[in-house]
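Let me begin by presenting the structure, written as structure tokens, before commenting on it.
The values are calculated or read from the model by the stated rules, or taken from the named source; none is laboratory data. Worth saying up front: this structure is predicted, and the values here are computed from it rather than measured. Cβ: placed from backbone, ideal geometry, glycine included. Neighbour counts: every protein chain shown. Surface areas here come from the heavy atoms of the whole protein model, side chains and all, with no ligands, DNA or RNA. Shrake-Rupley method; radii C 1.70, N 1.55, O 1.52, S 1.80 Å.
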Amino acid sequence: MHNTPKLSDAKRALLEKYIQGNLAQSTAITPSLPRRTTEGNAPLSYGQQQLWLLDQLVPDTPVYNECVTIHLPGTINVVALEQSLNEFIRRHEIWRTSFQVVDGVPVQVVHPPFSLQLHTVDLRHLPRVEREAEAVRIVLEKASVPFDLSNIPLLRPTLICYGDEEYRLFLTLHHIIFDGVAIYQVFPPELRTLYEAFVAGRPSPLPELPIQYSDYAQWQREYIQGDAIAKQLAYWKQQLAEAPTSLELPIDHPRPPLDTHRGSMRPFALSRQLTDALKTLSNKESVTLYMTMVAAFQTLLYRYTGQEDMLLGTVTAGRKHAEVQKLMGFFLNTLVLRTDLSGKPTFRALLPRVREVVLEALANPDVPFEYLVKELQPERNLGQNPLFQALITLEPPLPILPSGWTLTQMDVRVGTAKFDLYLELDDRPEGLIGRFMYNTDLFDEATIERMSGHWQVLLEAIVDDPGQPISDLPILTPQEQRQILVEWNATQTAYPDNKYVHSLFEEQVQQQPEAIALIFNNQRMTYAELNQRANQLAHHLRRLGVGPETLVGLCMERSFELVIALLGIMKAGGAYIPLDPKFPKDRLAFMLEDMQAPLILTQQALVTFLPSTPIATKVLCLDTVWEQVADEESTNPVCNVSPDNMIYTIYTSGSTGRPKGV
């Protein structure tokens with residue numbers, strides 16, 4: 001499908017150390033990053049530019065409003081906490097930066113330090129069972145309002161008191177000023193350090209930062225022009241050559257022409273036992289947990305789409321410089337993982353393929369996604385993300401602060417989706433937790449609920465037997481298996497012994513004579529009309545000698561006449577024999593000779609296709625003799641048939657030599 005360059009052992013070892021089990025962790029690979037040498041406004045980084053452009057396309061949608069919660073056990077000094085938050089904003093310029101257009105170009109504008117008032121809400125007057133819902137309602141009101149990127153601040157903090165020793169700091173931020181690594185690993189420990197100092201009346205103990213985010217953005221712009229990035233770009237052009245432009249997931253609704261980013265989320269949790277089993281499998285197969293989850297997600301998507309050339313998005317931390325490890329800002333870069341799933345591999349055989357793809361992608365991590373799309377010029381559709389539509393991330397274990405402060409995400413759901421489908425996983429002591437975030441313009445809630453169930457069944461099957469082909473791994477839940485195999489096949493119906501097919505039809509005519517019985521080529525026929533015509537034909541057939549055990553050949557195209565003929569033969573007491581006009585003439589000739597039917601019902605257009613019939617066989621073209629048939633009685637005929645009489649005879653395929661009437 002595509003050729004990819006191989007990595008040296010040294011580079012492979014370095015990269016495996018780098019990912020540490022997932023893409024969100026990193027170590028310092030590049031030793032230094034210089035300060036900007038120019039004054040004034042700084043350019044946007046490529047990652048920021050991508051978010052800024054999206055904000056221009058859908059300015060009234062809070063797509064990149066992110067919500068985080070810091071749980072604060074114990075009594076809180078609100079004044080010191082507000083002072084700590086403002087010092088953090090002073091310390092990290094990006095949190096007092098706006099994004100404005102100067103001379104037609106978006107730039108970062110760093111504002112002087114300011115004092116942000118910490119909005120505080122006390123819920124102790126409410127019953128405890130009502131406090132959580134009220135807190136979420138309050139925060140959601142703020143989180144649902146889009147930010148104006150040209151004005152500061154791009155964060156909205158709210159401190160909510162649940163009890164005398166239970167506080168939570170809810171923070172809504174625009175993604176353009178932070179990323180997951182920073183919000184997990186920089187913000188909580190620094191805020192706690194500042195808080196402890198200010199409570200004790202001491203100044204900030206944190207040293208000044210050697211660089212700011214604007215320095216990184218300027219460096220990235222210059223770095224993109226160098227030879228190193230040219231080599232990485234060449235890799236991506238080769239890796240993504242002739243790649244499919246879309247993932248054909250079965251969707252519930254047509255894709256809108258413009259992505260509205262309306263979305264929802266379906267959370268799930270994997271047991272500690274299953275999580276440990278996945279980690280054990282990963283170690284045994286010499287892959288990371290992240291690689292195993294990528295392979296599993298690609299397997300799930302393959303089962304939904306059947307696509308063997310699979311493009312999946314992921315995110316790398318982008319923090320390979322020592323100076324940015326403790327810096328707030330948006331350093332993430334989106335990578336495309338292209339995996340070959342052809343040849344019906346087992347899951348165990350798929351893992352090395354995924355491992356190679358991940359390592360190669362991490363060896364070429366610096367080409368910004370927006371820059372890559374511009375260079376590749378793939379087929380674009382404003383209704384979907386270019387190159388990939390499904391993405392997966394695995395967050396590292398959360399840092400635990402000695403104070404007991406903890407940070408969580410997704411406590412507040414804004415109702416947006418960045419991609420068609422986004423699987424976000426967190427590695428927690430109690431097991432992997434995760435969420436499917438999805439575009440509600442495309443998927444119904446019930447669809448994603450089923451997908452979540454399929455995901456967990458698939459993971460259980462993988463750890464149980466990774467040697468199974470990915471096409472055979474079970475994904476149906478026990479409830480779905482029962483529904484398909486048992487409930488949907490429970491079609492037994494008790495029919496009365498003294499009634500026949502045409503009699504049951506006549507009862508339906510009595511109950512709903514004007515109901516529509518047939519639709520064909522935009523024409524309709526009621527039960528009463530169908531019954532009348534079938535009765536007229538039955539009386540006519542009786543005049544021609546049709547009765548119990550009389551075989552009547554039936555050679556017709558799909559039409560109203562075909563159904564009328566079937567019912568008419570049964571009402572006359574005879575038995576029909578289907579003669580498919582598409583059969584070879586030799587087969588039809590044999591059947592006609594073998595069955596010796598006294599009568600064949602057909603249509604004028606098919607007469608020339610019929611082979612020579614036996615001398616004793618009469619051919620009746622129903623469409624040409626209907627005026628004569630219409631003169632017959634329209635009442636239900638009485639025929640003396642018994643349950644032992646034939647209703648039809650069908651000829652076998654003739655695989656044993658000659659067809660046989662059964």
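Please enumerate the residues belonging to region 571-606 that are outside any helix (DSSP H, G or I), touching a Cys at 6+ places or on another chain (Cβ under 8 Å) and among the aliphatic types (A, V, I, L, M). Those that are outside any helix (DSSP H, G or I), touching a Cys at 6+ places or on another chain (Cβ under 8 Å) and among the aliphatic types (A, V, I, L, M): Leu579, Ile600, Leu601. Of the set (1) open to solvent by less than 20 Å² (accessible area, probe 1.4 Å); (2) closer than 25 Å to Pro611 by Cβ, all apply to Glu557 but (1).
With a requirement of 3 or more residues that are among the polar types (S, T, N, Q), touching a residue at least 12 places away in the same chain (Cβ under 8 Å) and surrounded by 13 or more Cβ atoms within 10 Å (Cβ to Cβ), the strands (runs of 3 or more DSSP E) lying completely within region 404-505 that satisfy it span 406-409. Here Ile177 fulfils each of the conditions (1) farther than 23 Å from Pro59 by Cα; (2) open to solvent by less than 10 Å² (accessible area, probe 1.4 Å); (3) within 29 Å of the chain's Cα centre (by Cα) apart from (1). Cβ separations smaller than 6 Å between residues 6+ apart or across chains give the following pairs from region 309-322 residues that are within 20 Å of Ala295 (Cα to Cα) and touching a residue at least 40 places away in the same chain (Cβ under 8 Å) to residues that are charged (D, E, K, R) and assigned to a strand (DSSP E or B): Leu311/Arg338. Filter the strands (runs of 3 or more DSSP E) completely within region 53-163 down to those with at least 3 residues that are over 21 Å from Gly180 (Cα atoms). Where strands (runs of 3 or more DSSP E) fall fully within region 53-163 and carry at least 3 residues being over 21 Å from Gly180 (Cα atoms), they are 97-102, 105-110, 119-122, 155-163. Which ones in region 362-384 are open to solvent by less than 30 Å² (accessible area, probe 1.4 Å) and within 23 Å of the chain's Cα centre (by Cα)? Hits for region 362-384 are Phe369, Val373, Pro378, Gly383. Filtered by the rule that a residue be aliphatic (A, V, I, L, M) and exposed (fewer than 14 other Cβ atoms within 10 Å of the Cβ), region 68-78 gives a lone residue, Val78.
Restricting region 79-123 to residues that are among the aromatic types (Phe, Trp, Tyr) and within 26 Å of Val199 (Cβ to Cβ) leaves a set whose member that is most open to solvent (accessible area, probe 1.4 Å) is Phe114. Would you be able to say whether some residue in region 4-15 is assigned to a helix (DSSP H, G or I), surrounded by fewer than 20 Cβ atoms within 10 Å (Cβ to Cβ) and either over 35 Å from the mean Cα position of the chain (by Cα) or modelled with pLDDT of 90 or more (or both)? Yes, region 4-15 contains at least one residue that is assigned to a helix (DSSP H, G or I), surrounded by fewer than 20 Cβ atoms within 10 Å (Cβ to Cβ) and either over 35 Å from the mean Cα position of the chain (by Cα) or modelled with pLDDT of 90 or more (or both).
Of the residues making up region 616-659, just one is in contact with a Lys or Arg (Cβ under 6 Å, 6 or more places away or on another chain) and either modelled with pLDDT under 90 or among the hydrophobic types (A, V, I, L, M, F, W, C) (or both), namely Thr652. Of all residues being buried (at least 18 other Cβ atoms within 10 Å of the Cβ) and of a type in the set (D, E, K, R) in region 143-174, which is nearest to the chain's Cα centre (by Cα)? Just the residue, please. Here the residue is Arg156.
Going by the conditions given, is Val136 modelled with pLDDT of 95 or more, open to solvent by 20 Å² or more (accessible area, probe 1.4 Å) and within 17 Å of Cys67 (Cβ to Cβ)?
Details: modelled with pLDDT of 95 or more: no; open to solvent by 20 Å² or more (accessible area, probe 1.4 Å): yes; within 17 Å of Cys67 (Cβ to Cβ): yes.
Spelling it out, it is not the case that Val136 is modelled with pLDDT of 95 or more, open to solvent by 20 Å² or more (accessible area, probe 1.4 Å) and within 17 Å of Cys67 (Cβ to Cβ).
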